[in-house]
Structure formats: C-alpha cells, structure tokens
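Participant: Just dropping this structure here.
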Ligand code: CP3
C-alpha cells in the first residue's frame, strides 16, 4: 500500500473539511442523516479555459500542450477560475493527451478541432512500437501541481478560510484516449476503436492496456504531488453498448484506477475517485464498479474474499452524470450510497436567467437522494459562455441551503 507524502494536503488535513470532499465521501450516516457541509459544493468541467479573458491573455502565443507543460502557467490557469468564480474545486489545467506527449508521441491540440496525432495507431506493429513512458517525464506535472496547491493554500489564508480548496487531478480513460490514438483525430462514432476491439481483440487489448498504464500513472503523479481527488474522463464511452463496455473497456478503466486506489489508506485518508462519461446512462453502474474493481484486494476499498464487509464506501467511488440522465434515475442505477456529480445542462448557460435558475433548482432536488452530490455541468463549459453567468450560478448554488 502506498503512502502519500507527509506534506500532502489530505495528510495534513487542510482540505479535509472542504465541502467538496464532504460530499464525495458520501456523508450519509447509518441513520440516514447527512453531515451537511458549510455550503453546497460546485465546480465546472473545463472551468479553466477559453471562456475566461484572463486565460486567453495568458495563453497568447503558447500552444495548448506547451502551456500544460509550463508549471508556472499551468498553475496560474488552474487558479484563475477558483479566484474568479469561488468554485469549490480546482481542476488541474492539463489535457488527457499529455501522457502521449510525455511519452514522445507526436500529438498536438488543434484549436477548434481537438487532439491530432502525427501517425494514428492502427496495427499490431503500431501498438508494439508505442514508446515506454519514463516516470521522470512527469516532473513538470508534479511541479505544476505543487505550485497550484501552494497557491490554493495562500488563497484560503488571504480569504481567512480554514478549509483549503481541493485540487482535482484527472486523466483520460483508456477507451477515450485510445479512440484518439486509433482515429488520429476527433471522430463522431469511434468506428476505428470499436472495429479493433472485435476484429483484432489482441491488438485492442494491448493498446488499451498501454493507455491505462500511462493514464493511471498520470493521475497518480498528480495525486502524489498534492491533488486531493481524481477524475477519470471517459468522454466517448457513450458510443459503446453495455456488452462491449463490460468485455473490452471496463477492465482497462479498472486498471487505470488501480494506480490511485488505496493511496493514503494506511495514513487514514482516502482519495475520492470520480468516473465520468457522456451518454453513459446505460453503463453507469459498470463505470462505478470500474473504480472499486481497480482496488487491490484487501485494501479496504476492495476487501479480500472472506474479509469483513464489502465496504464500497471506503473507496469513495463517485459517478459523474451527464446532462441526459436525471439524477434520481442515476441514483436508482448506481445505488443511493454512491455520491453523484452533475448535471446542469451546459446549453442552458445561455438561456434566460429564470430558466437556468429553475433548472439548477431541479438538479439540486433530483440529487437530494444520493449519499452526496457535487454540482457540476453535464459536460464541459462551452467556450462562448459568459463568465459572469458562471459566477452567478456558483453563488446561487452556495445560497441553496440543505434545510429542504
Ligand atoms: O478546466 C478544466 O476542466 C481543466 C482542464 C482540462 C482540459 N481538457 C483543458 C483543455 C480537462 C479536464 C480536459 C480533458 C479533456 N481533453 C477531455 C475530457 C473532457 C471532455 O471534454 O470530454 C477531452 C476529450 C480532451 C481532448 C481535448 N482537448 C479536446 C476535445 C479539446 C477541444 C479542442 C477545441 O479547441 O475545441 C481540447 C483542448 C482543451 N483542453 C482546451 C482546454 C482549456 C482548449 C484549448 C484552447 O484554449 O484552445
């Protein structure tokens, strides 16, 4: 079992009382009561980025992936939305394809398009030629995380708050990452990887295992350097049927999670793990299980056969729900003990305020039955979003009490 460094925010306890971690822990007691946090936590996927003028100014003249690998810049961009919107989490400014770049693969992010590879990975030979990712390559990631957590601690001090805002680390899930690698660029239906998992399952398994390894290590590098939670993005898993997901993808996502499950357990802390995808209503129970199945047996997160109690809560699996699935229904599918994250429809960020406010109140109400609920969007912030609307959304959510 791996220990977190002694100066890790979770080990020092400085993020422990943060509303975000309270809800991720699923604070429902045996009596069915909830320990209520000081305010209702909210953050936004893609909160750092093009919707912020201060981001565009800082990024000018630097490519996306170069910005991610400049520790000073990555930390500053991560902090920008926390300062501006008063969100309850910082999400590390990076990208799911960073581990590919760190492994030496020719990849860039084309503005308005997304990740593009110099040469797609389509054959067994292509997969066999994939480079090893050297652990030392994560140095700029660790440095950026350390600068970010120092910045978050300083911000809490300035604002006279005792709980420091937690940083969430992340990675792309093996399917989503492999989808970009096989297609070489964004695609709608992900025909390439779906054909490969059936037509040449050995090559698929080798590719997905490679992706799980680099993504899992990327997440672990962020957690070891100071992130208090970690989220795996399987943005495109919704293009898979249940059987395909279970047979060809879930084991690889579990392998990615296995790099971070149980970290800190012997020090009495747990790192909440979140699994998010879009259009994944049919598979969210399998996505939840991928978190706990990644846990080593006997770690508490996943008891050894015969060991006391299958305490799923110990692994703190959290499911991110996109805007298509009502949270009450999501809770039925994953069980009330699983905390949920989501699911404000990003399309409504441009609707009249009354419409948006009503929608947010409905989302809050539909999440009330879950063991914990962290408000978020059902997918990322659209680049054209008015940042003032986001600030107003945060303040509305903070003002909605828990009294019912
Ligand atoms: O604020 C945050 O959420 C933090 C950082 C973050 C980025 N990408 C920064 C980014 C995170 C968590 C991601 C994850 C990511 N990257 C995903 C999973 C989440 C999702 O949206 O489904 C995916 C699929 C990618 C791959 C990727 N990177 C795409 C599809 C794009 C958009 C390309 C475009 O221009 O439309 C990117 C670029 C990207 N990643 C930007 C940011 C801030 C925009 C870069 C810019 O400023 O031009």
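The values are calculated or read from the model by the stated rules, or taken from the named source; none is laboratory data. Please read all numbers here as calculations on a predicted model, not as lab measurements. Positions of Cβ are backbone-derived with ideal geometry, glycine not excepted, and every protein chain shown enters the neighbour counts.
Participant: Whether any residue in segment 132-144 is touching a strand residue (DSSP E or B) at 6+ places or on another chain (Cβ under 8 Å), outside any strand (DSSP E or B) and closer than 30 Å to residue 39 by Cβ is what I want to check.
Facilitator: Within segment 132-144, not a single residue is touching a strand residue (DSSP E or B) at 6+ places or on another chain (Cβ under 8 Å), outside any strand (DSSP E or B) and closer than 30 Å to residue 39 by Cβ.
Participant: Here is a further query. Every residue in segment 341-388 that is within 16 Å of the ligand (Cβ to nearest atom), surrounded by fewer than 17 Cβ atoms within 10 Å (Cβ to Cβ) and without any contact (Cβ under 8 Å) to a residue 40 or more places away in the chain, please.
Facilitator: Hit for segment 341-388 is 347, nothing else.
Participant: Just give me the residues in segment 185-219 being over 23 Å from the mean Cα position of the chain (by Cα) and within 14 Å of the ligand (Cβ to nearest atom), in sequence order.
Facilitator: none
Participant: Being within 14 Å of the ligand (Cβ to nearest atom) and modelled with pLDDT of 95 or more is the requirement here; does residue 62 meet it?
Facilitator: Against the criterion (within 14 Å of the ligand (Cβ to nearest atom) and modelled with pLDDT of 95 or more), residue 62 qualifies.
Participant: Condition first: more than 9 Å from the ligand (Cβ to nearest atom) and either assigned to a helix (DSSP H, G or I) or closer than 16 Å to residue 25 by Cα (or both). Now tell me which residues in segment 37-57 satisfy that.
Facilitator: 37, 38, 39, 40, 41, 42, 53, 54, 57
Participant: Regarding segment 107-120, can at least one residue be identified that is at pLDDT 95 or above, part of a loop (DSSP other than H, G, I, E, B) and surrounded by 15 or more Cβ atoms within 10 Å (Cβ to Cβ)?
Facilitator: Yes: segment 107-120 contains one or more residues that are at pLDDT 95 or above, part of a loop (DSSP other than H, G, I, E, B) and surrounded by 15 or more Cβ atoms within 10 Å (Cβ to Cβ).
Participant: Moving to a separate point now. Could you please find all residues in segment 78-108 being out of contact with any strand residue (DSSP E or B) (no Cβ under 9 Å at 6 or more places or on another chain) and within 8 Å of the ligand (Cβ to nearest atom)?
Facilitator: Of everything in segment 78-108, just one residue is out of contact with any strand residue (DSSP E or B) (no Cβ under 9 Å at 6 or more places or on another chain) and within 8 Å of the ligand (Cβ to nearest atom), namely 93.
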